[in-house]
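What follows is calculated from the coordinates using simple rules that are stated; it is not laboratory data. These numbers were taken from a predicted model, which means no experiment stands behind them. Don't worry about glycine lacking a Cβ; one is built from the backbone with ideal geometry, like all the others, and counts go over all protein chains shown.
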Amino acid sequence: MSKAADIVLVGGSAGSYHLIVDIIESLPPFFSSALVVVIHRNPKFKTRLEDTLSTRLHRPIIQAGDKTAISPNMIYFAMPGYHLLIEPDRTFSLDISDPIQFSRPSIDVLFESAAEVYGSRCTALLLSGANRDGTDGMTAIREMGGKAMVQCPEDAQISTMPENAIRVNDGIDIISDQQIISYFRNLK
Amino acid sequence: MAKLSVSHISFIELQEVVDLLRKVSGYDLSGYSKSSLKRRVQRVLDLERMDLFDLKNAITNIESFRGYLVNELTVNVTEMFRDPHYYATLRSEVVPYLETYPSLKFWSAGCSTGEEVYSLAILLKEVGLYDRSFIYGTDINGNVLETARKAIYPLKKFKLYSENYNASSAQDSLSNYYTAMYDAAIINNEIRKNILFSQHNLATDYIFNEFQFISCRNVLIYFDMDLQNRVFRLFYDSLCEFGFLCLGSKETLLNRDIMSNFKVINKEFNIYQKIR
C-alpha cells in the first residue's frame with residue numbers, strides 16, 4: 001500500500017470543533033497528503049464525529065488504527081483515550097500511558113513524533129484551546145524543518161492554547177480563520 | 001517555556017540502546033513500537049539527567065540499572081474494571097461457556113499492578129466460578145508484580161473503580177471486596193487466594209500452561225507487527241480448544257493470518273474464541 005509523503009496535522013481543544021468541521025468540509029476531493037486531526041474529547045462519551053462527517057462528505061474519515069499505514073488522501077482522527085504516535089515506517093501506533101498536559105490524546109505527542117519522521121514534509125496547525133498542549137509539538141516541528149501555523153488568537157474561541165504557542169515559538173506563522181480555510185481548500 | 005532536555009535521542013540512537021541492552025542482558029525490546037519506546041527512553045534521560053553516553057555506560061556496567069530501565073520503559077497504566085462494558089460483555093457472552101468447565105485456568109498477560117486480575121477475580125466470584133478458577137497474572141516488570149501481590153492501592157483511586165464497577169452490570173458494591181484503612185485499600189483475601197503473579201516476557205518467553213481464557217489488554221499496542229504476531233501465536237498455543245482470547249479495545253485480530261483459527265465473540269471489545 002502506498003504511504004503519504006507529506007503529512008498535515010491539526011490540533012484543537014475547547015472551541016475548535018466547528019472550525020475543524022469547516023476545515024474538513026473545505027478539503028478538495030483529492031490531495032496527496034495525509035490529514036491527521038487530534039481533538040481533545042472525553043473517551044467516556046461516544047462521539048459520532050467521524051461517522052457523521054464521513055456520511056455527510058461521502059468519503060472515509062476514520063480513527064487512526066494501531067500499526068495501520070498512513071495513506072494519501074485520507075482524513076484520520078486520533079481516537080479518544082489514547083495517544084497517537086507515528087512510527088519511522090509511516091504507520092500509526094497507539095499508547096495509553098499517562099496523559100500529557102492533562103490530555104490523552106496529547107497534541108504534543110502526535111506533533112513531536114510526526115516532526116521526527118516527516119521532517120520538512122510535515123505541516124501542523126494549532127487551534128483554539130484552554131490549556132498549553134501543542135506548544136512543545138510546534139517547537140519540535142519547526143526544529144525538524146516542518147511548517148508550523150497557529151490560529152490567530154483573536155479568531156480562536158479560547159485563545160490560551162494559540163497564545164501560549166506563539167509566546168514560546170518566536171516568529172511562528174499566525175493565520176486567520178479565513179486563511180485557514182483557504183489553505184485547506186487548496187491542499188495538495 | 002520550551003523544555004530543556006540534556007539530549008534528544010534519534011531513532012538510530014534508540015536502536016543502539018536496544019541492541020546494547022539485548023547484548024548485555026536478556027531484555028529484548030527490539031519488537032517494541034519505536035516512537036513510543038523512544039519517548040520513554042527520552043523520559044529516563046530527562047529524569048536521570050543523563051545523555052546517551054551515560055545511558056550506554058549504565059546499561060553496560062550497572063546490572064541493577066538494566067532492570068530499572070526496563071521497568072521504566074514499560075507502560076503501567078491500568079485500573080479496575082477499565083472499560084466497564086467489556087466486563088458486562090464477559091458476563092453475558094463468555095461466562096455461559098466457562099460455566100461448562102469443571103475447572104478453569106485464566107491468564108492475564110501484561111497485568112501490570114494487578115487491577116485487571118482482581119477485577120476478573122471479582123467477576124468470577126459474582127458468577128459463582130471463582131472457587132474452581134485459578135488466575136495467573138504475568139508481566140515483564142518485577143516491580144509492578146510486587147504491587148500486584150500486595151494488592152494494596154491508593155484509596156483515592158476507588159472512586160473511579162467503583163464507578164467502573166457499577167457500570168459493568170455488576171450487582172453488588174465494590175466495597176464488599178476491599179478493606180480501607182487510612183488512605184489505602186487492600187483487596188480482600190477471598191478474592192486473592194486463587195491467584196499467582198509471576199514474571200513472564202511476551203517477547204522472549206514461551207508457553208507455560210493451558211488456559212480456558214487469556215486476556216491481554218492494551219499491551220500489544222506497544223509491539224510492532226512481527227512481535228504482535230509472535231504473541232498471537234503464543235496465545236493460540238496456550239489456549240485450549242474453544243478457549244477465549246480478549247484483547248484491548250483497539251487491538252484487533254482481524255486481518256491477521258491466525259484469525260482463521262478464531263471466531264469473533266464480540267467485535268467492539270475484541271473477544272475471540274479459538275475454534276480450530
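B:SER33's amide H: which non-local residues (gap 5+, or another chain) put their own amide H closer than 5 Å, with H modeled 1.01 Å from N in plane and none for Pro or chain starts? Long-range HN contacts for B:SER33: B:PHE223, B:ASP224.
Past 25 Å, Cα to Cα, is the threshold; run B:LYS23/B:LYS150; B:LYS34/B:LYS250; A:LYS188/B:LYS34 against it and keep the listed order.
Values: B:LYS23/B:LYS150 33 Å; B:LYS34/B:LYS250 18 Å; A:LYS188/B:LYS34 29 Å.
Checking Cα-Cα distances, B:LYS23/B:LYS150; A:LYS188/B:LYS34 exceed 25 Å.
Taking the Cα centre of region B:11-73 as origin and charging only Cβ (+1 Lys, Arg; -1 Asp, Glu), how large is the dipole, in debye to the nearest 20? Please report the intermediate quantities before stating the final value.
Numbers: 10 positive and 10 negative charges, 42 e Å.
With Lys and Arg at +1 and Asp and Glu at -1, about 200 debye.
Treating each Cα of region B:11-73 as one equal point scatterer and applying the Debye formula with no solvent, the log10 of I(q)/I(0) at q = 0.12, 0.13, 0.18, 0.25 Å⁻¹ comes out as -0.23, -0.27, -0.55, -1.18.
Stretching B:GLU99 away from B:SER25 to a fully extended chain increases their span by 22.3 nm, per 0.36 nm per residue minus the current alpha-carbon distance. Here is the P(r) of region B:167-212: all C-alpha pair distances, binned every 5 Å from 0, give 5, 13, 15, 16, 15, 13, 14, 8, 1 in whole percents.
Counting other Cβ atoms within 10 Å as a rough exposure proxy, the listed residues B:LEU45, B:LEU245 run B:LEU45, B:LEU245 from fewest neighbours to most.
Once the GluC sites (Glu not before Pro) in DSSP loops with at most 13 neighbouring Cβ atoms within 10 Å are cut out of chain B, the longest remaining piece is B:100-209.
Extending 7 Å from Cα along the Cβ direction at A:ARG48 and again at A:LYS147 yields two label points whose distance is 3.6 nm. Pairs of C-alpha atoms in region A:1-44 farther apart than 17 Å represent 41 percent of all such pairs. Couplings 3J(HN,Hα) of region B:20-37, computed from phi: 4, 4, 5, 5, 8, 9, x, 7, 10, 9, 5, x, 7, 4, 5, 6, 6, 5 Hz, in residue order, whole Hz [Karplus 6.51 cos²θ - 1.76 cosθ + 1.60, θ = phi - 60°; x for Gly and Pro]. In plain terms, the residue of B:SER25, B:SER112 with the fewest other Cβ atoms within 10 Å comes first and the most crowded comes last, giving B:SER25, B:SER112.
Rounded to the nearest Hz, the phi-derived 3J(HN,Hα) couplings of region B:190-204 under the Karplus curve 6.51 cos²θ - 1.76 cosθ + 1.60 (θ = phi - 60°) are 4, 8, 8, 5, 9, 10, 10, 9, 8, 6, 8, 10, 5, 7, 10, where x marks glycine and proline.
In this structure, the amide hydrogen of A:GLN63, modeled 1.01 Å from its nitrogen in the peptide plane, lies closer than 5 angstrom to those of A:PHE77, counting only residues at least 5 positions away or on a different chain.
Give the average over all directions of the projected area of the C-alpha convex hull of chain B, one decimal, in nm². It would help to have the intermediate numbers written out before the result.
Details: hull surface 64.2 nm².
One quarter of the hull surface, i.e. the mean projection, equals 16.0 nm².
With each label modelled as a point 7 angstrom along the Cα→C-beta vector, the A:ASP22-B:ARG230 pair spans 5.0 nm.
Please work out the Kirkwood hydrodynamic radius for chain A, using every pair of different C-alpha atoms, and report it in angstroms with one decimal place.
Numbers: mean 1/r = 0.0623 Å⁻¹.
Kirkwood radius, chain A: 16.0 Å.
Local charge sum around B:ARG82 (other residues, Cβ-Cβ under 9 Å, Lys/Arg +1, Asp/Glu -1)? With Lys, Arg at +1 and Asp, Glu at -1, the net is -3. The length gained by stretching the chain between B:LYS157 and B:LEU47 to full extension, at 0.36 nm per residue less their Cα-Cα distance, is 37.1 nm.
I'm a student and want to see the number: the projected area of the Cα convex hull of the protein assembly as shown, averaged over all directions, in nm².
Details: hull surface 90.3 nm².
Averaging across all directions leaves 22.6 nm² for the Cα convex hull.
Do any trypsin sites (Lys or Arg not before Pro) in region B:178-232 lie in a loop, going by DSSP, with at most 13 other beta-carbon atoms within 10 Å of their beta carbon, and if so which? If you can, show how the numbers build up before the last one.
On the way: sites: B:ARG192, B:LYS193, B:ARG217, B:ARG230; in loops: B:LYS193, B:ARG217.
Of the trypsin sites (Lys or Arg not before Pro), the ones in loops of region B:178-232 whose Cβ has at most 13 other Cβ atoms within 10 Å are B:LYS193.
Could you grab the relative contact order for region A:84-153? Cα pairs under 8 Å, six or more apart, rounded to a whole percent. Walk me through the intermediate numbers first.
Details: 113 pairs, mean separation 21.7, N = 70.
Rounded, it is 31 percent for region A:84-153.
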